[in-house]
Each structure stands twice: as C-alpha cells, then as structure tokens.
Amino acid sequence: MTRRTAPRAVLLAAGELLAWWAALALLWLVLISSVDTLERIVGASCAAVGAILARLGRRAVTWR
Amino acid sequence: MNGWILAATVALGGGGAAVLWGVTTGPPARRVIAQNLATSAVCPALLLLSQGYGRPAYVDLALLLALLGPVGTLVFARLLCDDLSEEGASAWALTWTAAGLGAAAVVALCVAVGPGRAMVKLLVVGALLISGNVIASRALAGGFRGVRGG
C-alpha cells in the first residue's frame with residue numbers, strides 16, 4: 001500500500017524545484033562565454049541536478 | 001600598459017604587500033585576517049587585469065577565488081576558534097575598505113563593459129566577493145559562535 005502525499009505538498013515541492021532550476025539555469029547562462037544549443041542542453045541538465053541537490057540541502061538545514 | 005593594468009598593479013602591489021606584512025608578523029588572529037585580505041585584493045586585481053589584457057577568461061579565475069577564498073577563511077575560523085576567541089579577530093575598517101575596493105573595481109568594469117551578460121557576470125562576482133568577505137570577517141570576529149560545534 002503506497003503512502004498518499006497531499007497534492008499541496010507535491011505542488012510546493014515541484015514549485016521549489018522549478019524555482020531552483022530556473023535560478024541555476026540562469027546563472028549558467030550568465031557565466032558561460034558563448035551561448036549555443038549544446039551549452040543550453042548541458043546547462044539545463046546541470047541545473048536539474050543542482051536543483052535536486054539544493055532542495056535536499058535546504059531541507060537538511062531547515063528541519064534538523 | 002593602460003589604466004586598467006595600472007590599477008591592477010596598484011591593487012596587487014599594495015594589497016600583496018599588506019598581506020605579506022600581515023601574515024608574517026603578529027598573533028594568529030592578525031595573520032588569519034591578513035590571509036583573508038589576500039582574496040579581497042587579488043580578486044579585484046584579476047577583474048581589472050581581464051579588462052586590461054582583454055581576456056575574459058581571467059573573470060573565471062576571479063569568480064573561483066571569490067567563491068573559494070572565504071570558504072578557506074571559514075575553515076581557518078573553525079580550526080583556530082580557540083586562539084581567536086581569546087584575542088578576537090575584529091577588523092571592520094579593513095573589511096569595509098576591502099569591500100569598497102572590490103565594489104569600486106566592479107562598478108568601473110561594469111561601466112566599461114556596458115549592459116549585457118558580461119556585466120551580470122561581473123555583478124555576480126562582485127556580490128560573491130563582498131558577501132564572502134563580510135561573512136568571513138564576521139566568522140573571524142566570533143559572530144557565529146552559535147554554530148561553533150557544527
């Protein structure tokens with residue numbers, strides 16, 4: 001039997017991940033020297049990994 | 001030789017001499033402040049050199065330094081907390097002077113570069129440099145005693 005998570009919590013988590021992803025992807029675009037398709041793909045992937053790590057880190061610090 | 005390289009030379013020479021004098025003399029509290037000053041002097045100098053030589057890659061070095069320098073100082077603050085708690089390593093005039101140097105360099109470069117991605121990058125480096133500098137100074141002065149065991 002799977003545990004049901006409240007839709008509100010899922011939405012909040014998704015929103016936070018999206019916010020982290022957007023901020024990190026923007027930072028990537030600002031810091032690289034030339035913007036092209038490959039850089040965009042790599043940046044979006046790295047920002048996705050970074051967003052997950054950032055959320056994990058924030059939770060670890062906030063609720064100890 | 002242009003104005004940017006001259007300014008970088010002054011920042012490197014003056015800052016470097018102050019750092020060398022600071023880290024080789026006096027008690028540990030003074031030496032650890034001086035090594036923190038190294039980041040604050042070299043990072044703006046690298047930014048100025050990148051403009052002087054027309055090499056944007058130097059900005060990446062400055063970014064890395066602005067990120068890692070304060071982290072190194074926090075490690076020192078953690079390891080030397082017993083020495084620092086006796087003497088108190090407070091140097092707010094120096095901290096804000098160094099922050100002002102960084103801010104002046106970043107503003108001058110932003111004016112020279114003009115609006116665009118390069119300017120945002122410079123502002124990110126400047127924000128990292130100044131906030132890192134202030135946080136590291138506060139840690140050395142014992143501002144984060146509550147997290148000492150962390």
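Data overview
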{"item": "Residue-count net charge about A:Ser33 - beta-carbon cut-off 13 Å; Lys, Arg +1, Asp, Glu -1", "result": "0"}
{"item": "FRET efficiency for B:Ala112 and A:Leu38, using Cβ-Cβ distance with R0 set to 35 Å, rounded to 0.05", "result": "0.70"}
{"item": "Overall dimensions of the range A:1-54 as given by Cα atoms, namely Rg and Dmax in Å", "result": "14.4, 51"}
{"item": "Folded to 0 to 90 degrees: helix A:7-31 orientation relative to chain A principal axis, Cα", "result": "20 degrees"}
{"item": "Computed E for A:Val61/B:Gln35 - FRET, C-beta separation, R0 30 angstrom, nearest 0.05", "result": "0.60"}
{"item": "Cα-based helix-to-principal-axis angle, A:37-62 vs chain A, degrees rounded to 10", "result": "30 degrees"}
{"item": "Ordering of A:21-27, B:28-34 by packing [mean C-beta count within 10 Å, highest first]", "result": "B:28-34, A:21-27"}
{"item": "Volume of the Cα convex hull of the protein assembly as shown, divided per residue and given in Å³", "result": "154 Å³"}
{"item": "Other protein chain Cβ atoms within 10 Å, averaged over every residue that makes up B:112-120", "result": "2"}
{"item": "Convex hull projection area averaged over all views, the range B:1-88, Cα basis, nm²", "result": "5.7 nm²"}
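The numbers here are math on the coordinates, done by the rules we state, and not lab data. Bear in mind the structure is a predicted one, so any value in this text is a computation, not a measurement. When we count neighbours, we look across all protein chains shown, and the Cβ atoms used for this are built from the backbone with ideal geometry, even at glycine.
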